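Structure record follows, encoded as C-alpha cells.
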C-alpha cells in the first residue's frame, strides 16, 4: 500500500431527500476543520454548484472551491462517459485498440446509457481520487437509483458483461471461425437476429473482438475497487427525509448494508419540521388561526419523530442519527450550507 | 379544465416525475378518481414496486397490473410466433444481452405492451405509473432512439408503432408530477419541453403536489412566541412554493392541478377527493 491513503465517504439514499446538499455540507464541515476535501456529485443538475455558490459548471476533474486556513474544499461533477473513455484509454494495450473500442457503436451506447454505468464510473472515479494525494477525504454522492446499493456491485459491471456466456457464444465465430456455436443457443441466435436485425449482432461481435485481451486488466481493477469500497476506513452514510416512503427506502438500504457486512457510520434525516415550542391553551384560544398552523406543524413533527424512532431501532444504538431541520429558505450559498454543516458533527471523522 | 377533461383527452395517461415527488401516490389517486366517476380503470405499475392497497381492495372498477420488461418480451414473442423460444429467452438471461446491445429495448417492449393494452379497449382509462427517477425522458425517447440503432428486424417495426402511439394525442398523454420547489420545477420544465419538442407527446396538466394551503392568519393578533414562529416559518415555506409555481407558470404555460400537502396514512384518499374537487388552472 502507498503511504498516502484518502478516506472515502459514500452518501446513499433515495431521490429527492437532499443527498447532494448533505454531501456538500459534510465536505464543507470537514474543510472548515482543516482537512483537504473533494466532493463528487453524479447529479447532472447544477444543484451542487448552486449550493457551493460556484459560478459556472463543475467538470469531471476536481476544482478548488474555497480555502479555509489549512482546509480546502474541492468539487467535481462526474461525467460517466468521459471517465469510461479515460479508463479504456489507460487500460488498452495500444492507441489502436482504444480507438477500435471508442468507435464501436455498442461501446458508445454502453458508455452513455447501460444500466449501472453511472454507478460503475462513480466507483472508478472514487478509486482514482482515493489515490490522489491532494485529498484527505473524498465524499461521493451516489446516483439516485432506487437500488442505491447498485453502487456496491458496480465495479463488476464490465467484467460481468464480458463474462456473459451468451456473449462468449456470440464471440466464438469471430475467433478464427472454427469454434462451433453451442447448438442449444443457435435458434436463439437466429431469433435475436430476427428481432433486432443483423447489424446489432455485428456490433456485438466487434465490441468483444475489440476488448480481446483486456478482461484481466478490468478484473484486477474491479477487485481493487471492491477492496477499497469494503475497507474498514470507508465510511457509509444513509441520507433520508422524514416522510414515510424515504424512511422505508432508508430502512431497506440499511438492512442491505448489514447483509453485506458493511458498517454504517451515520444516518442523516433532512427536512425535519422544526420544533416551535409549546403554546398554552390560552394562546390557542386567543389566536385560533395561528393555533391551527402551530398544531398542524406540531402534529407533523410528531409523526416524523415517530417514523425516525422506528428507523433508529433498525439501525441500532451505535450508529449516529443526525437530524437537520427544514429551513425557512432554500440553501444557495456556503453560508446556508454552513447551517446544515453545524448539525453534522462527528460524521466525517476517520475511524481507526 | 377539470380532471374529467384529463380523463376524456386520451385513454392512456403516463404519469412521470422524479423520485420523491409522490408520483405513485398521484397515479393511484388519478386511478381512484376516475373509478369514482364510473370509468373502468387499468392501473399499470412499471418498477416492480408494490401496488397501493387502496387500488386492490377497491370496488372492482380498477384492475391493476405489474409490468416488467421480461413479461413484455415473453408476451411479444408469443404474439410473433416465437412463443416456444420465450422460456429459453428468460432462462438464458438473453434479455440482458439484447437490452445491452440495443439500449432501450426493455423500455420499448414495455411501451409496446401498453400500446397493445390501449388498443384492446378493455378499459376506459389506463393510468401508467411511469418509470422511476430521471428515466422518464429516456423511457419516452426510446421509440426514436432505438430506430436510430436498430435498422431492421421486428423491433424496428415495433419502435415505429410505439412512436405513432406516443404521438397520437387522442390515445396517449403524459401527466408530469412535480413539487413546488426550485430544483423539481427546473427539472420538470426541462423534461416537459423535451417531451413536447423532441418526442411530440401531448402533455396533460402539470400536477403540482404537496402545496401548502393559505394559512389564513392575516389580521389575527398573537402574543405567543411559539405560535408566531410557527406561522412565520409556514409563511416563508409557502412563499417559496408560490415563487416556484410562478416560475413554472412562466416557463411552462400549461394548465395545472395543485394538490395539497398531506401527511397522513390515507394520502391517496385525500388526494382523490382533492382531484375531484379541483379545477385545473
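The values are calculated or read from the model by the stated rules, or taken from the named source; none is laboratory data. It should be emphasised that the depicted structure is a prediction, and the values quoted were computed from it without experimental measurement. Ideal geometry is used to build each Cβ from the backbone, glycine not excepted, and the neighbour counts take in all protein chains shown.
Listed values, structure above:
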| quantity | calculated |
| --- | --- |
| Those residues of the range A:59-111 which are more than 16 Å from residue A:128 (Cβ to Cβ), in a loop (DSSP other than H, G, I, E, B) and modelled with pLDDT under 90, in sequence order | A:92, A:93, A:94, A:104 |
| Residues located in the range A:287-299, provided they are in a helix (DSSP H, G or I), buried (at least 17 other Cβ atoms within 10 Å of the Cβ) and at the interface with chain B (Cβ under 7 Å from one of its Cβ atoms) | A:290, A:291, A:293, A:294, A:297 |
| Residue, nearest to residue B:231 (Cα to Cα), within the range A:300-314, restricted to residues that are more than 11 Å from chain B (Cβ to nearest Cβ) and either touching a helix residue (DSSP H, G or I) at 6+ places or on another chain (Cβ under 7 Å) or surrounded by 18 or more Cβ atoms within 10 Å (Cβ to Cβ) (or both) | A:308 |
| Filtered residue count, the range B:94-114, keeping only those that are at pLDDT below 75 and in contact with a helix residue (DSSP H, G or I) (Cβ under 7 Å, 6 or more places away or on another chain) | 10 |
| Criterion violated by residue B:47 - all others in (1) more than 14 Å from chain A (Cβ to nearest Cβ); (2) in a loop (DSSP other than H, G, I, E, B) satisfied | (1) |
| Unique match (being modelled with pLDDT of 95 or more, over 22 Å from the mean Cα position of the chain (by Cα) and surrounded by fewer than 19 Cβ atoms within 10 Å (Cβ to Cβ)) among B:250, B:223 | B:250 |
| Selection status of residue B:8, in contact with a strand residue (DSSP E or B) (Cβ under 6 Å, 6 or more places away or on another chain), modelled with pLDDT of 90 or more and not in a strand (DSSP E or B) | no |
| Subset of the range B:26-45 (residues that are touching a helix residue (DSSP H, G or I) at 6+ places or on another chain (Cβ under 7 Å) and either buried (at least 22 other Cβ atoms within 10 Å of the Cβ) or at positive phi (or both)) | B:26, B:28, B:29, B:30, B:31, B:32, B:33, B:34, B:41, B:42, B:43, B:44 |
| Selected residue (criterion: nearest to the other protein chains (Cβ to nearest Cβ)) from residues of the range A:315-350 that are farther than 26 Å from residue B:244 by Cβ and out of contact with any strand residue (DSSP E or B) (no Cβ under 7 Å at 6 or more places or on another chain) | A:342 |
| Residue check, residue A:14 farther than 14 Å from residue A:139 by Cβ and in contact with a helix residue (DSSP H, G or I) (Cβ under 7 Å, 6 or more places away or on another chain) | yes |
| Subset tally (residues that are in a helix (DSSP H, G or I) and surrounded by 20 or more Cβ atoms within 10 Å (Cβ to Cβ)) for the range A:230-255 | 6 |
| Residue match in the range B:184-192 (condition: at pLDDT below 90, surrounded by fewer than 18 Cβ atoms within 10 Å (Cβ to Cβ) and closer than 25 Å to residue B:4 by Cα) | no |
| Whichever residue in the range A:200-222 is out of contact with any helix residue (DSSP H, G or I) (no Cβ under 8 Å at 6 or more places or on another chain) and part of a helix (DSSP H, G or I) and, among such residues, is farthest from residue A:260 (Cα to Cα) | A:202 |
| Complete set of residues in the range A:262-286 that are assigned to a loop (DSSP other than H, G, I, E, B) and exposed (fewer than 13 other Cβ atoms within 10 Å of the Cβ) | A:278, A:280 |
| Any pair with Cβ under 6 angstrom, 6 or more apart, that starts in the range A:194-210 at a residue that is on the phi < 0 side of the Ramachandran plot and at the interface with chain B (Cβ under 7 Å from one of its Cβ atoms) and ends at one that is surrounded by fewer than 19 Cβ atoms within 10 Å (Cβ to Cβ) and assigned to a helix (DSSP H, G or I) | A:195/B:154; A:203/A:105 |
